[in-house]
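The values are calculated or read from the model by the stated rules, or taken from the named source; none is laboratory data. Since the structure is predicted, the reported quantities are computational estimates derived from the model, not experimental observations. Positions of Cβ are generated from backbone atoms using ideal geometry, with glycine treated the same way; all protein chains shown enter the neighbour counts. Surface accessibility is based on the protein's heavy atoms, side chains included, excluding ligands, DNA and RNA. Shrake-Rupley method; radii C 1.70, N 1.55, O 1.52, S 1.80 Å.
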Amino acid sequence: FKNTILSRQLKQLVSFGIKEVVMTTGYYDKVLVDYCNELHLPLNYKFVKNPIYDTTNYIYSIYCAKEFLQDDDLILMHGDLVFENLVMEAVINSEVSCMTVSSTLPLPQKDFKAVIKNGYIKSIGVDFFDNALAAQPLYKIKKNDWIIWLDNITKFCESGNRQVYAENAFNEISGKCFLYPIDIENKLCSEIDTPEDLEAVSQQLREVNNRTVYMCFSTE
């Protein structure tokens with residue numbers, strides 16, 4: 001198989017010892033399910049289709065899968081995200097709920113920003129520019145924090161508010177669900193939305209793969 005964004009994500013998860021994957025699907029869901037199974041990775045999948053994927057945002061996909069997302073801490077990521085191993089390592093090793101941000105990258109116009117207050121994340125969205133850092137939807141969320149967020153996702157969806165980001169539900173309860181920024185600076189962690197994004201990220205990935213690590217040994 002040619003490496004894809006998804007296969008790369010899944011192989012990275014395997015390399016970090018993750019065994020359970022809940023994946024929400026929509027358009028061409030059978031193609032996605034068959035592709036994942038044909039990768040023959042040591043992962044236990046739970047595929048959950050959002051039946052109204054064409055009229056809702058992924059907040060409703062999470063709602064559809066909520067019964068499978070309540071038993072443990074979790075890693076939450078978008079399916080179009082490319083990141084290097086050092087980023088995933090930092091996220092997995094975090095002892096608190098966290099989201100990847102960058103203090104060195106310029107604020108993007110169209111992508112997520114995270115507003116930081118008192119050391120934790122107050123708001124996440126595309127329209128925040130004050131007191132904000134560039135952010136990417138790669139999270140580690142402790143179970144207790146996630147249940148608070150998931151409860152508000154449920155309230156949004158059951159009241160018909162299904163065309164927004166899941167982060168809109170987070171913003172209402174950020175004072176109860178403590179999500180901390182994890183600064184990855186210039187490390188690769190980026191969504192691919194356009195051919196231009198693909199080319200830029202491909203170049204970054206080549207640079208990551210070409211890095212040389214020098215180890216110095218001394219003896220007495």
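Brief remarks on what is shown
- The single residue among N144, N186, N210 that is exposed (fewer than 14 other Cβ atoms within 10 Å of the Cβ) and either among the small types (G, A, S) or under 22 Å from E95 (Cβ atoms) (or both) turns out to be N144.
- F129 falls short of the stated requirement of being surrounded by 22 or more Cβ atoms within 10 Å (Cβ to Cβ) and touching a strand residue (DSSP E or B) at 6+ places or on another chain (Cβ under 8 Å).
The rows are residues; the columns are (1) in contact with a Leu (Cβ under 9 Å, 6 or more places away or on another chain); (2) free of Cβ contacts under 8 Å to residues at least 24 places away in the same chain; (3) among the charged types (D, E, K, R).
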site	(1), (2), (3)
N50	no, no, no
N57	no, no, no
D71	no, no, yes
L81	yes, no, no
I92	no, no, no
K117	no, yes, yes
D127	no, yes, yes
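- For K30, the conditions (1) of a type in the set (D, E, K, R); (2) out of contact with any strand residue (DSSP E or B) (no Cβ under 9 Å at 6 or more places or on another chain); (3) touching a residue at least 40 places away in the same chain (Cβ under 8 Å) are fulfilled apart from (3).
- Subset tally (residues that are of a type in the set (K, R) and touching a Leu at 6+ places or on another chain (Cβ under 8 Å)) for the stretch 17-48: 1
- Looking across the stretch 80-106, just one residue is in contact with a Phe, Trp or Tyr (Cβ under 7 Å, 6 or more places away or on another chain), open to solvent by less than 30 Å² (accessible area, probe 1.4 Å) and either farther than 25 Å from T24 by Cβ or part of a loop (DSSP other than H, G, I, E, B) (or both), and that is S97.
- Look at the stretch 153-178: where a residue is touching a residue at least 12 places away in the same chain (Cβ under 8 Å) and farther than 24 Å from K110 by Cα and a partner is among the small types (G, A, S) and open to solvent by less than 10 Å² (accessible area, probe 1.4 Å), sitting 6+ places away or on another chain with Cβ atoms under 8 Å, you get K155/A169; C177/S97; F178/S97.
- In the stretch 5-31, of all residues being open to solvent by 50 Å² or more (accessible area, probe 1.4 Å) and touching a helix residue (DSSP H, G or I) at 6+ places or on another chain (Cβ under 8 Å), the one that is farthest from K66 (Cα to Cα) corresponds to S15.
So that you can scan it fast, the table gives a plain yes or no per residue for (1) within 18 Å of the chain's Cα centre (by Cα); (2) surrounded by 17 or more Cβ atoms within 10 Å (Cβ to Cβ); (3) acidic (D, E); (4) within 16 Å of Q9 (Cβ to Cβ):
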| residue | (1), (2), (3), (4) |
| --- | --- |
| N50 | no, yes, no, no |
| D54 | no, no, yes, no |
| I62 | yes, yes, no, no |
| K110 | yes, no, no, no |
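- Strands (runs of 3 or more DSSP E) lying entirely in the stretch 107-214 (those with 1 or more residues that are touching an Asp or Glu at 6+ places or on another chain (Cβ under 6 Å)): 120-125, 189-191
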